[in-house]
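Report on one structure; see the data block that follows.
The values are calculated or read from the model by the stated rules, or taken from the named source; none is laboratory data. It should be emphasised that the depicted structure is a prediction, and the values quoted were computed from it without experimental measurement. Every residue, glycine among them, receives a Cβ derived from its backbone with ideal geometry; neighbour counts consider all protein chains shown.
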Amino acid sequence: MAVVRTADSEVPDVGDGLWERVRDAVQAESSADTSLWNGQIDYTEEPGTRGEAWDNGRICFNQESVVQPLQDMYATQGQPATAQQWVLRRNALKTVAHEFSHLASPDGYTHGDRLAGMKLKGTRPLEEGVTEAWSQAAVDRLADRVLPPDMAEQVKAVREARGGHSYPGWEPAARAFADEVGADAGVEGDEVLSRMAKEPRTTKARAAADLLYDASDLPELVPAEQEEAVRQEIAGTIDKGFADLQPLNDKFTATTRAESAERGLGIAESASDVVRAAEERYRGAPEQQVQQEETLDLGALPPPNPADRIPTREEPTQQSTAEQPGEQRAVDPRVAYAQQREAPQAVEEAQPVDPRVAYAQQSGAASQQPGSAQERPVDPRVAFAQLSPAQQQAQLQAGSQQGGSEQAGATQRSATQQSAGVQAAGHPGEQDVAALRGVLEDQPSAAGAPRVPQGEAAEGRRPTGHGAATGRHTENTPAR
């Protein structure tokens, strides 16, 4: 059941339930869960004090500047009134809203909690600055909720002539702070004030910090277990900035309001700096880099270009006819990744060598070393093995023809003369042809072991060694 004004209150009812209507309107406009008002409304004891909200939920108003103008408004409803009278009535309504805003609270918040917060040093500039700024911004909406339409229109008509605000050292700072935070968070400054107004003084800064945090990239960067610490770091910067404003409201001068607004803007910028620094810090964290790499999805890439397919070992390779001279087609990342995986196998494969050729080559090389006493004749099989396939076939054909036309006496040549004849004419004898045929038949086929140097690629084949496109395609998606 909603609390109503107690019968023993010093301040009487005005306008048939005005106090209760303002209490409800403050909750509605600020989205607060409840009010700590205990129903007691009395007059202030200090002549210069417009209103008070006590730790036990009691509210006090100044009789001359607050209660009397509102009583006159209802007593003279429908009668002419001056603009100055309406300014007094507007300011009186603002003060009532201000004090009820002090008592607007979340569910579960108690008078004891509020008293503990009031005892904390440095919290008053933020509490009073935000409460006054929000009340000034909400007067027109509150008037529509709690006053008859004709009165509400008159209250709104004197908005620009309302006079000075309370707390000139703190309210401008809160107003400038809210506008700047709203610009960063993508909301109106009045919305920032509303979110802060419904919170106790100990969590007003946190309400603004949450807006900045949620509007940044931090929700996607900060691990869940560290989120609370980052939010508190932002709120702590705001709390300290407003606590430093304590002396600014002690003595009012012509520049107090301007200085307060400038300080409020600086507090908002400092809070935003904390957010930016945290974003940079967590973007560079190792766990964030791992998280970004884990977002790789090769399936999300477009279908591969058929021309990029890696040929099999049994499949002949040729240069793509789709590419024109001078063009450089982008490599599909999946192809590059597969080539990198294929490279070690290609490097490890070795071309088989006939052991007789290897032995002959080793023997021939040793005979050509500097300092040898004499040059040994070159083994015809070695010379033949070092020729290209076309040259070998030509030698075989020439050797067969020469062997058929020679006379029987040719078989009596010495081995030395035969070797010399091979060196001079470049053609093997008939006996050497048979031996060389055996060498060719024992060698691997060209398809099984291409005659290319180790590590080089055949024409048209994409390199798979150190010159190939390497590396897995990763995308660092910046998260906003």
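Can we say GLY112 is modelled with pLDDT under 95 and farther than 16 Å from ARG23 by Cα? In short, no.
Being in contact with a Gly (Cβ under 7 Å, 6 or more places away or on another chain) and of a type in the set (Gly, Ala, Ser) is a property that holds for SER270.
The strands (runs of 3 or more DSSP E) found wholly in the stretch 1-117 and carrying at least 3 residues that are of a type outside the set (Val, Ile, Thr) occupy 51-53. Within the stretch 31-43, the set of residues being of a type outside the set (Asp, Glu) and surrounded by fewer than 18 Cβ atoms within 10 Å (Cβ to Cβ) comprises SER31, THR34, ASN38, TYR43.
Taken over the stretch 62-94, residues that are free of Cβ contacts under 8 Å to residues at least 60 places away in the same chain, over 13 Å from VAL155 (Cβ atoms) and out of contact with any Pro (no Cβ under 9 Å at 6 or more places or on another chain) amount to 11.
Of all residue pairs spaced 6 or more apart or on separate chains, those with beta-carbon atoms under 8 Å, a first member in the stretch 226-240 that is buried (at least 20 other Cβ atoms within 10 Å of the Cβ) and a second member that is among the charged types (D, E, K, R) and at pLDDT 95 or above are ALA235/ARG206.
Residue pairs whose Cβ atoms lie under 7 Å apart, sitting 6 or more positions apart in sequence or on different chains, and linking a residue in the stretch 171-197 that is farther than 13 Å from ILE267 by Cα to a partner that is modelled with pLDDT under 95, are GLU171/HIS165. Restricting attention to the stretch 23-65, the residues that are more than 22 Å from ALA133 (Cα to Cα) and modelled with pLDDT under 95 add up to 3.
With the condition kept exactly as written, say whether any residue in the stretch 105-128 is small (Gly, Ala, Ser), in contact with a strand residue (DSSP E or B) (Cβ under 6 Å, 6 or more places away or on another chain) and over 18 Å from ALA271 (Cα atoms). Checking the stretch 105-128: at least one residue is small (Gly, Ala, Ser), in contact with a strand residue (DSSP E or B) (Cβ under 6 Å, 6 or more places away or on another chain) and over 18 Å from ALA271 (Cα atoms).
Within the set ASP42, ASP24, the sole residue that is more than 54 Å from the chain's Cα centre (by Cα) and charged (D, E, K, R) turns out to be ASP42.
Listed here are the residues, each with its yes/no results for (1) crowded, with 23+ Cβ neighbours inside 10 Å; (2) in contact with an Asp or Glu (Cβ under 8 Å, 6 or more places away or on another chain); (3) among the aliphatic types (A, V, I, L, M).
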site: GLU52; (1), (2), (3): no, yes, no
site: VAL66; (1), (2), (3): yes, no, yes
site: SER105; (1), (2), (3): no, yes, no
site: ALA133; (1), (2), (3): yes, yes, yes
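Does ALA254 qualify as being at pLDDT 95 or above and among the hydrophobic types (A, V, I, L, M, F, W, C)? Criteria not met by ALA254. All of (1) buried (at least 19 other Cβ atoms within 10 Å of the Cβ); (2) under 28 Å from LYS251 (Cβ atoms) hold for HIS165 with one exception: (1).
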